[in-house]
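Working notes, structure below.
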């Protein structure tokens with residue numbers, strides 16, 4: 001088993017929205033940033049992986065097993081965090097821990113759970129309803145990491161949180177990935193988080209997976225050219241991924257390999273790539 | 001399943017006290033009205049109300065999205081709800097038996113083997129209709145069903161309360177028929193209806209998407 | 001060993017890491033056969049992708065600065081002083097050739113070049 005996640009021509013129709021067909025392989029031991037606009041299909045993909053939705057076509061394998069054949073025992077290997085902590089908010093910390101302890105049985109790791117609770121400084125007596133958004137996410141992450149999961153599926157966990165908390169999440173994911181059998185897929189539209197730590201970037205747009213590439217290669221293979229409109233005409237059209245025209249010239253997102261080497265190019269960020277590609281699609 | 005029952009109880013623990021208080025008041029009212037034998041039937045309200053609470057909480061906090069990917073089968077998620085329903089029905093039935101032991105005599109001379117399945121059937125009946133409906137239509141539309149059953153019950157009980165003779169007639173007819181057979185039929189009916197309800201709920205829930 | 005990653009640098013991150021580790025090895029900051037931090041630890045500390053650190057180590061290994069043992073980690077290769085000197089000489093030659101080329105373009109005399117070298121050394 002080399003791939004932690006395998007999607008094979010997965011398709012799902014939800015009203016007017018069509019996801020896929022998506023094929024995607026995630027090798028184990030890495031962090032994948034799953035990016036795209038709101039409504040691009042990030043959550044739908046993750047819900048399909050978690051069995052909340054059922055694919056119309058194609059198959060999904062997590063940790064080598066088809067999710068259709070998942071037993072409760074296999075599900076213990078999957079940790080998940082959503083944009084909110086979806087458990088009864090009347091629970092306090094003790095109740096919530098007790099609930100998860102019963103849910104995960106022998107796989108439950110109290111020590112890890114307690115160490116995260118201490119680390120995050122979560123309040124023991126407050127009901128979850130009085131937790132801040134950040135605290136809820138931290139608690140959700142605590143639960144996801146406290147049953148020996150080999151695969152973490154995180155759906156916009158850090159949306160709406162302040163940068164310091166987002167940064168902590170990054171640290172925790174990097175710690176988690178110290179075990180090379182562990183894998184993370186994290187969806188987000190806040191790209192700065194993923195920019196740092198992700199090994200792969202998968203980009204979904206309007207239900208279609210536009211690419212899944214190694215982040216370094218992706219960033220290194222592209223560049224931004226600032227040119228006058230005349231100069232821009234000389235650029236090989238197949239090199240241009242996206243462009244932004246303004247009154248005083250053009251900025252082009254280009255493939256470095258298809259542009260003469262001596263041209264002065266700016267480095268790109270994942271965000272640049274995403275924005276240029278989405279805007280190009282709109283035109 | 002233990003986890004889910006725990007979750008359900010914890011999430012409504014504040015409402016439980018109110019519910020207990022309500023039961024006591026109903027009990028006193030029924031006792032005063034000479035209808036203590038009918039009192040265990042009010043447990044059917046308990047199961048209806050609790051079911052409403054549970055589904056309401058789940059919907060409000062999107063709990064299903066959290067427990068479906070957890071290491072538990074969908075059939076067990078459904079079973080956890082039925083377990084609570086059956087526990088309440090059992091409790092009501094037990095209470096009916098105790099009252100039966102202490103309140104012998106009068107026209108109400110129904111044997112215990114009719115009291116037991118009869119109470120269980122009546123207490124679990126509405127919920128076993130309601131649960132599959134809630135799974136199928138969700139809480140919002142399920143509320144309509146909840147209200148309908150509530151009105152039906154309420155008018156039924158108040159009708160019986162106003163027409164005591166009718167109640168007594170029924171009881172009389174029952175006691176004149178073969179009570180063993182009646183008990184057996186009631187028991188069979190109770191099991192069949194609950195089993196069918198559970199099977200239907202599991203079937204509905206298995207194909208549900210979130 | 002210190003590693004600094006500059007986002008403003010034109011060098012890709014893996015190259016920055018590779019060069020700095022290489023320099024540390026050449027400067028004798030490591031003992032021969034010393035265990036280097038694992039790619040995962042390095043990635044975590046520097047907050048970069050594991051693939052990035054792996055690539056840096058792969059290049060270092062290819063160039064003979066380190067060697068990796070499956071399941072044990074990466075070790076600093078014993079540096080052959082003579083070989084190292086030769087490598088460095090080659091680099092110096094290449095850089096000087098560049099310097100000469102620029103000097104020719106700008107019509108800078110050899111004496112002036114030597115002067116620059118003296119100044120730079122101070």
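Laboratory data are not the source of any read-out in this text; all were calculated from the coordinates shown. Every value quoted in this text rests on a predicted model; they were computed, and no experiment measured them. Here the Cβ positions follow ideal geometry from the backbone for every residue, glycine too, while neighbour counts run over all protein chains shown.
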How far is the Cα center of the range B:58-90 from the Cα center of the range C:1-44, in Å? 53
Just counting partner chain Cβ atoms within 10 Å, what average do the residues of peptide A:30-36 show around their Cβ? 1
Give me the percent of Cα-Cα pairs in the protein assembly as shown that sit more than 46 Å apart, rounded to a whole number. 39
Chain B: relative contact order in percent, alpha carbon pairs under 8 Å with at least 6 residues between: 28
Once each part is reduced to its C-alpha centroid, what is the distance from the range A:126-152 to the range B:7-51 in angstrom? 36
Run the quick spin-label model on residue C:83 and residue A:256: label points 7 Å from Cα toward the beta carbon, then report their separation in nm to one decimal. 2.9
DSSP bridge orientation in chain A - percent antiparallel, rounded to nearest 5: 65
Chain C: Rg to Rh, with Rh as the Kirkwood radius over Cα pairs: 1.08
Highest-MSF residue in chain B out of B:193, B:28, B:84 [GNM, Cα springs under 10 Å]: B:28
Fewest to most Cβ atoms within 10 Å: C:29, A:261, C:93 sort as A:261, C:93, C:29
Given the options B:45, B:198, B:150, which has the most mean-square fluctuation in a GNM of chain B, springs set between C-alpha atoms less than 10 angstrom apart? B:150
Tilt relative to chain C, helix C:50-62 - C-alpha long axis, 0 to 90 degrees, to 10: 60
Does anyone have the angle between helix B:43-61 and the longest principal axis of chain B? Alpha-carbon axes, 0 to 90°, nearest 10? 10
At a 10 angstrom cut-off on C-beta neighbours, averaged per residue, how do the peptides A:88-99, A:230-241 rank from highest to lowest? A:88-99, A:230-241
Mind sorting B:162, B:208 by how few other Cβ atoms lie within 10 Å of their own Cβ, fewest first? B:162, B:208
Listed residues A:264, A:167, A:199; largest mean-square fluctuation, Gaussian network over chain A with Cα springs below 10 Å, found at A:264
Counting DSSP beta bridges with both partners in the protein assembly as shown, what percentage is antiparallel, nearest 5? 70
Over what distance in Å are the Cα centres of the range A:1-67 and the range A:233-283 separated? 30
With axes computed from alpha carbons, what is the tilt in degrees of helix A:110-120 against the longest principal axis of chain A, rounded to the nearest 10 within 0 to 90? 60
